[in-house]
Number of protein chains: 2
Amino acid sequence: MNLKRYLPALQWLSDYQRSTFANDLLAGVIMTVVLIPQSLAYAMLAGLPAHVGLYASIFPPILYAFFGTSRTLAVGPVAVTALMTAAALGGVVAPGSPEYMAAALLLAVMSGLMLLVMGLLRLGFVANFLSHPVVSGFVSASGILIVASQLGSLTGIATSGHNLLTLGGSLIAGWATLNLPTLVLGAGVLAFLMFTRTRLKPLLVAMGLAPALAGMLVRVAPVVAVAITTALALTWQLADAGVVLVGSVPTGLPGLTLPSLDPQHWKNMALSALLISVVSFISSVSVAQTFAAKRRQRIDPDQELIALGAANLGAGFSGGMPVTGGMSRTVVSYDSGAETPASGVFTAAGLALVTLTLTQALAFLPVATLAAIIMIAAATLVDVPALVRTWHYAKADFVAMLATIVLTLGHSLDAGLVAGVGLSLALYLYRTSRPHVALVGRVPGTEHFRNVLRHQVETRPTLGMLRVDESLYFANSRFLEEAVLELVSRYPEMTDLVLVCSGANLIDASALASLEGIHERLADASIKLHLSEVKGPVMDRLQRTEFLEKLSGRVYLSTFQAWCELG
Amino acid sequence: MNLKRYLPALQWLSDYQRSTFANDLLAGVIMTVVLIPQSLAYAMLAGLPAHVGLYASIFPPILYAFFGTSRTLAVGPVAVTALMTAAALGGVVAPGSPEYMAAALLLAVMSGLMLLVMGLLRLGFVANFLSHPVVSGFVSASGILIVASQLGSLTGIATSGHNLLTLGGSLIAGWATLNLPTLVLGAGVLAFLMFTRTRLKPLLVAMGLAPALAGMLVRVAPVVAVAITTALALTWQLADAGVVLVGSVPTGLPGLTLPSLDPQHWKNMALSALLISVVSFISSVSVAQTFAAKRRQRIDPDQELIALGAANLGAGFSGGMPVTGGMSRTVVSYDSGAETPASGVFTAAGLALVTLTLTQALAFLPVATLAAIIMIAAATLVDVPALVRTWHYAKADFVAMLATIVLTLGHSLDAGLVAGVGLSLALYLYRTSRPHVALVGRVPGTEHFRNVLRHQVETRPTLGMLRVDESLYFANSRFLEEAVLELVSRYPEMTDLVLVCSGANLIDASALASLEGIHERLADASIKLHLSEVKGPVMDRLQRTEFLEKLSGRVYLSTFQAWCELG
């Protein structure tokens, strides 16, 4: 039983059938073709040799297939984490150096270890710190940064930097080095891909093709672009015209690689590795859940952490880079009819075959082609309407989102995420630190008590009844003290105060200390403190303290009872 | 009107009377006497020349008197902030150097500016981040560290370090340099102070003295210790026996001083200054509120920030050190009958007189006497029962408290506070990230709906009704998705799901995104989503979105209505 929990693959392997095998194999073949350009492109986005993307698409998905709980999720290099990888490495080692590759392996291993530890300690809730507006803002900003980072490769200008200011600066500074053949080729691929995305599918359907088949053909467009531009580069000797090609790619499967052991690298990349882990986890789980729901399946987030951890460790020891479950690769897998993670294993085998056979041809692939593929994919990450919707829905969420975007674009990915998390926590605490508090009175002739400011109610000058519509915890405990003391200073005749606790799902130690403080201060002013409508679990806790023994007043089941007895 | 808000002194000054004046003056005289040893001692605790404590007790309380809203609070150097000052400066400049003094002034100015800005921006809620168990643990740990830090002065051994490990290490390493006359004198003062604290008051009362007067005499004990040991040092030439004395103290009022302008100091002390500001604010406001309640007065926390900011700026420009409102000095002020902040002004005048006349004598004061006074005061900060109480009341609060104590003692004050804040936030989010969720059914024959696990209720296989007892926000939005998807995977016949929102005071943008995700995934599985018992303000917000238009189901006023219509 326990083995099945930690090795979910045992579940689908135990009743694996011939028809499933056929479907998975076909999906694997389609996936292999579609993933070649994607894998190459995201390695390049991370500043790594293009073949690293292929390596990262071999062992990681196999490991995920054994440990993951999603039947559909496709794991490999993904745009946002590739960008985060480039930023993390850029701050530590020189791009293009052998240390850069070693640091990339280390980053995958660190992020794998963090994911694994979070999974074993069942710390999946850590992802809750990243609120939806922060993630949405971060992904949009990443999309913009990705597009900006590829403008260099698309134009032949050498760019550097990891935010809009430095990227834009280097682009302007290097303007004179623009290579026209590169730009023409890149723009051509861009136009071709845009056409296939927006026009080709309706056209094919209008020509009588089945929509599913038409959709699949559109997905193959990047492969066509890769094949055509590689052929052009080879026949026209475009390298002589200054067009940068991928260059020599080692033939063969990745060997066992060892990540950098420099402790300075561990230290400098710790925060980045953590953020990559959390972002990987969130994007992976949300993709996995989307597809699991379509088939009424379930995924286990804590086991997903373990599976992603294993996949990243695998990447780190087989010449790869940080990986995660990606939306675009998973859509391909789902649409091509994959039924179990076996399709991922077949895809891995297919890509392994590519590293054994196609590397000679890939050396002639123009880098600008990959840049265009990346830009088209990244543009879909930018979600401007989300910004507008959040503005209309809740200003606090909008502020957190905007801060994330501005800092991500203007400073760094890490700063954007950290500021977003900090700000959303601060704003949430701010909101709950001033809960709705109402002085209540009796609706005449009934047992109901309502806000004195909104309703015609009976009150007595000697009896104050205060209702707080929130759990009492550290963020609002001081507010509660102030609210009570303010009330008492306004009603000098008051002799009894009833705190109506109907809204308190929790009273933590800070709130208890505040209640004790309130009790003491009311005693100083000769006012008795009573409680009413205390919830069961809250009462259980209070009974373990001395507070109830010392209480000058009583605990009433209902506010009406307090009203009658204190009359 | 506005002027009175920013200068609360105008309120009490406008009806200041002769009888009030007499009471305030008497209190000022008593305070002056009692505060001499306290002020000297806390400057020494901060690693500063003893007279700095006097300087910091002159201008800061005068400024507080004009800007503060408490009528009783006494502002000056305080044990915990003095310890934090020593730790902050120790990490930046060499103790005893002229730069050390300049950095202390800078720290006061930085903390003053931060308090002022927080006050002007009405950011008092920032203090809510420090939960009660964290503050309590921090103060206890500070008490232990203060005692440990004074063991060196009490024994004549030169110690260094700002945590128990380094302090203890230097004490053991320097064991051979123990000075017996110093230890005898220090232990004598310690024994005398302990006796007066625990035995003298009952003895005096038994002898027929009024308890109030007896209490006041006990408070004067440190003054007596200072006077006697100074006389002993002078007559027996204790300096020759190796007893360290306070040494030459400049005569006269403090002049205008300028804090260090080294930008490196600003940067290195920023976090410490912020933590000192927040701790100052919290301790000051809690003391002020305690005494305001006794007289049914009110204090305004945001104005307190401004007043404390002004006091610290004053300290920074008049040769002082970071100051705050202290419990022990405020008790003295209250007990000696002070009625308005004018008593603080008189105390300041008294201490100014001391700097003009008594400095010759103070030069002979043994440092061990001050160490003993500090240790006795610090021992009262250690609150072990609070640890036990918190353990019994709430484990999560206990964990945050223990982490604060362990890190404060074992690493540093800053690390303790930061870890405490981080951990209490994480634990709170963890708690609310898994709210109570119940599948409900109809209590037969009624309109009530209860948890199917606890009550005998009617259910239908096609209709799921889920109640969530918490506001829906980013920390629990993913949990909600999982809870709903888990439910759906358990009931394959379900065609309608009603989300009972009676417990949701808030639905933020993350929760809205989760609801949209849930809606979409339920649609994939051909299940309609309905809402019931949505609160007014929450509904107002939802109506500004497209969610309600797209909703496959309906929004019902009551769960019973949903039950009837979906039957």
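The values are calculated or read from the model by the stated rules, or taken from the named source; none is laboratory data. The model shown is predicted, which means the values in this text are computed figures rather than measured ones. Because the Cβ atoms are built from the backbone with ideal geometry, glycine has one as well, and the counts that use them run over all protein chains shown.
Just one of (1) surrounded by 16 or more Cβ atoms within 10 Å (Cβ to Cβ); (2) away from chain A (no Cβ under 14 Å) trips up B:Thr462, so point out which.
So the condition that B:Thr462 fails would be (1).
What is the number of the single condition among (1) more than 17 Å from B:Val226 (Cβ to Cβ); (2) in a helix (DSSP H, G or I) that B:Thr159 does not meet?
Of (1) more than 17 Å from B:Val226 (Cβ to Cβ); (2) in a helix (DSSP H, G or I), only one is false for B:Thr159: (2).
Scan segment B:529-546 for residues that are surrounded by fewer than 19 Cβ atoms within 10 Å (Cβ to Cβ) and either in contact (Cβ under 8 Å) with a residue 40 or more places away in the chain or farther than 15 Å from B:Leu506 by Cβ (or both) and jot them down.
Passing the criteria: B:Gln543, B:Glu546.
Within the group B:Ala307, B:Ala239, B:Ala292, which residue is assigned to a helix (DSSP H, G or I) and more than 26 Å from B:Pro8 (Cα to Cα)?
Values: B:Ala307 fails: more than 26 Å from B:Pro8 (Cα to Cα); B:Ala292 fails: more than 26 Å from B:Pro8 (Cα to Cα).
B:Ala239 is the lone residue from the list that is assigned to a helix (DSSP H, G or I) and more than 26 Å from B:Pro8 (Cα to Cα).
Somewhere in segment B:378-387, is a residue within 10 Å of chain A (Cβ to nearest Cβ) and either more than 30 Å from B:Leu89 (Cα to Cα) or not in a helix (DSSP H, G or I) (or both)? So that I can check it myself, show each step before the final result.
To start, the set of residues in segment B:378-387 that are within 10 Å of chain A (Cβ to nearest Cβ) comprises B:386.
With the extra rule that they be either more than 30 Å from B:Leu89 (Cα to Cα) or not in a helix (DSSP H, G or I) (or both), the set shrinks to B:386.
Within segment B:378-387, one or more residues are within 10 Å of chain A (Cβ to nearest Cβ) and either more than 30 Å from B:Leu89 (Cα to Cα) or not in a helix (DSSP H, G or I) (or both).
Looking at A:Leu485, A:Leu512, A:Leu542 in this structure, which one is more than 7 Å from every other protein chain (Cβ to nearest Cβ), aliphatic (A, V, I, L, M) and within 45 Å of the chain's Cα centre (by Cα)? Talk me through it step by step, then tell me what you get.
On the way: A:Leu485 fails: more than 7 Å from every other protein chain (Cβ to nearest Cβ); A:Leu512 fails: more than 7 Å from every other protein chain (Cβ to nearest Cβ).
Within the list A:Leu485, A:Leu512, A:Leu542, the selection yields A:Leu542.
Every residue, every condition in (1) in contact with an Asp or Glu (Cβ under 9 Å, 6 or more places away or on another chain); (2) of a type in the set (Phe, Trp, Tyr); (3) in contact (Cβ under 8 Å) with a residue 24 or more places away in the chain, yes or no:
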| position | (1), (2), (3) |
| --- | --- |
| B:Val354 | no, no, yes |
| B:Gln360 | no, no, yes |
| B:Ala371 | no, no, yes |
| B:Val388 | no, no, no |
| B:Tyr393 | yes, yes, no |
| B:Ser412 | no, no, yes |
| B:Gly416 | no, no, yes |
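Which of the following residues is touching a residue at least 60 places away in the same chain (Cβ under 8 Å), crowded, with 20+ Cβ neighbours inside 10 Å and of a type in the set (A, V, I, L, M): B:Val440, B:Val484?
Working: B:Val484 fails: touching a residue at least 60 places away in the same chain (Cβ under 8 Å).
Just one listed residue meets the conditions, B:Val440.
Going residue by residue through segment A:122-145, is there one that turns out to be free of Cβ contacts under 8 Å to residues at least 60 places away in the same chain, more than 20 Å from A:Gly422 (Cβ to Cβ) and surrounded by fewer than 22 Cβ atoms within 10 Å (Cβ to Cβ)?
no
So for segment B:492-500 (the condition being more than 11 Å from chain A (Cβ to nearest Cβ), touching a residue at least 60 places away in the same chain (Cβ under 8 Å) and in contact with a His (Cβ under 6 Å, 6 or more places away or on another chain)), does at least one residue qualify?
At the first step, the residues of segment B:492-500 found to be more than 11 Å from chain A (Cβ to nearest Cβ) are B:493, B:495-500.
This time we only want the ones that are touching a residue at least 60 places away in the same chain (Cβ under 8 Å), so: B:496, B:498, B:500.
So of that shortlist, the ones also in contact with a His (Cβ under 6 Å, 6 or more places away or on another chain) come out as B:498.
Yes.
I'd like the full set of residues that are within 11 Å of chain B (Cβ to nearest Cβ) and of a type in the set (A, V, I, L, M), limited to segment A:516-537. Can you show your working first?
Step one: list which residues in segment A:516-537 are within 11 Å of chain B (Cβ to nearest Cβ), which gives A:516-527, A:535, A:537.
Passing the criteria: A:Ile518, A:Leu522, A:Ala523, A:Ala525, A:Ile527.
How about segment A:547-567: which of its residues are buried (at least 16 other Cβ atoms within 10 Å of the Cβ) and within 14 Å of chain B (Cβ to nearest Cβ)?
Once the filter is applied, which keeps residues that are buried (at least 16 other Cβ atoms within 10 Å of the Cβ) and within 14 Å of chain B (Cβ to nearest Cβ), segment A:547-567 yields only A:Phe547.
Cβ-Cβ below 6 Å, separation at least six or inter-chain, first residue in segment A:295-315 and within 11 Å of chain B (Cβ to nearest Cβ), second among the hydrophobic types (A, V, I, L, M, F, W, C): which pairs?
Pairs found: A:Arg296/B:Ala525; A:Ile299/A:Ala288; A:Ile299/A:Ala292; A:Pro301/A:Val285.
Looking at segment A:440-452, is at least one residue facing chain B (nearest Cβ under 10 Å), over 24 Å from B:Glu304 (Cα atoms), aliphatic (A, V, I, L, M) and outside any loop (DSSP other than H, G, I, E, B)? Steps first, answer last, please.
Of segment A:440-452, the ones facing chain B (nearest Cβ under 10 Å) are none.
Looking through segment A:440-452, none of the residues is facing chain B (nearest Cβ under 10 Å), over 24 Å from B:Glu304 (Cα atoms), aliphatic (A, V, I, L, M) and outside any loop (DSSP other than H, G, I, E, B).
Being under 30 Å from the mean Cα position of the chain (by Cα) and surrounded by fewer than 15 Cβ atoms within 10 Å (Cβ to Cβ): is that true of A:Leu271 here?
Against the criterion (under 30 Å from the mean Cα position of the chain (by Cα) and surrounded by fewer than 15 Cβ atoms within 10 Å (Cβ to Cβ)), A:Leu271 qualifies.
Can you give me the number of residues within segment A:257-287 that are away from every other protein chain (no Cβ under 14 Å) and among the aromatic types (Phe, Trp, Tyr)?
1
Where residues in segment B:341-368 are assigned to a loop (DSSP other than H, G, I, E, B) and touching a helix residue (DSSP H, G or I) at 6+ places or on another chain (Cβ under 6 Å), which of them is modelled with the lowest pLDDT? Step through it out loud before you land on a result.
Within segment B:341-368, the first condition is being assigned to a loop (DSSP other than H, G, I, E, B), and the residues that meet it are B:341, B:358, B:363-365.
Narrowing the set further to residues that are touching a helix residue (DSSP H, G or I) at 6+ places or on another chain (Cβ under 6 Å) leaves B:341, B:364-365.
On the way: B:Pro341: 89, B:Phe364: 92, B:Leu365: 92.
If we take residues in segment B:341-368 being assigned to a loop (DSSP other than H, G, I, E, B) and touching a helix residue (DSSP H, G or I) at 6+ places or on another chain (Cβ under 6 Å), then B:Pro341 is modelled with the lowest pLDDT.
Based on this model, can you work out whether A:Ala187 counts as under 30 Å from A:Val406 (Cα atoms), at pLDDT 90 or above and loosely packed, with under 15 Cβ neighbours inside 10 Å? Steps first, answer last, please.
Numbers: under 30 Å from A:Val406 (Cα atoms): yes; at pLDDT 90 or above: yes; loosely packed, with under 15 Cβ neighbours inside 10 Å: yes.
Yes, satisfied.
When segment B:419-437 is examined, which residues are found to be touching a residue at least 24 places away in the same chain (Cβ under 8 Å), among the aliphatic types (A, V, I, L, M) and under 19 Å from A:Ser424 (Cβ atoms)?
In the first step, residues of segment B:419-437 are kept if they are touching a residue at least 24 places away in the same chain (Cβ under 8 Å); the result is B:420-421, B:423-425, B:427-437.
If we keep only those that are among the aliphatic types (A, V, I, L, M) as well, we get B:421, B:423, B:425, B:427, B:429, B:437.
Within segment B:419-437, B:Val421, B:Leu423, B:Leu425, B:Leu427, B:Leu429 qualify.
B:Ala225: at pLDDT 90 or above, of a type in the set (A, V, I, L, M) and in contact with a strand residue (DSSP E or B) (Cβ under 9 Å, 6 or more places away or on another chain), yes or no? Working first, answer last.
Numbers: at pLDDT 90 or above: yes; of a type in the set (A, V, I, L, M): yes; in contact with a strand residue (DSSP E or B) (Cβ under 9 Å, 6 or more places away or on another chain): no.
No.
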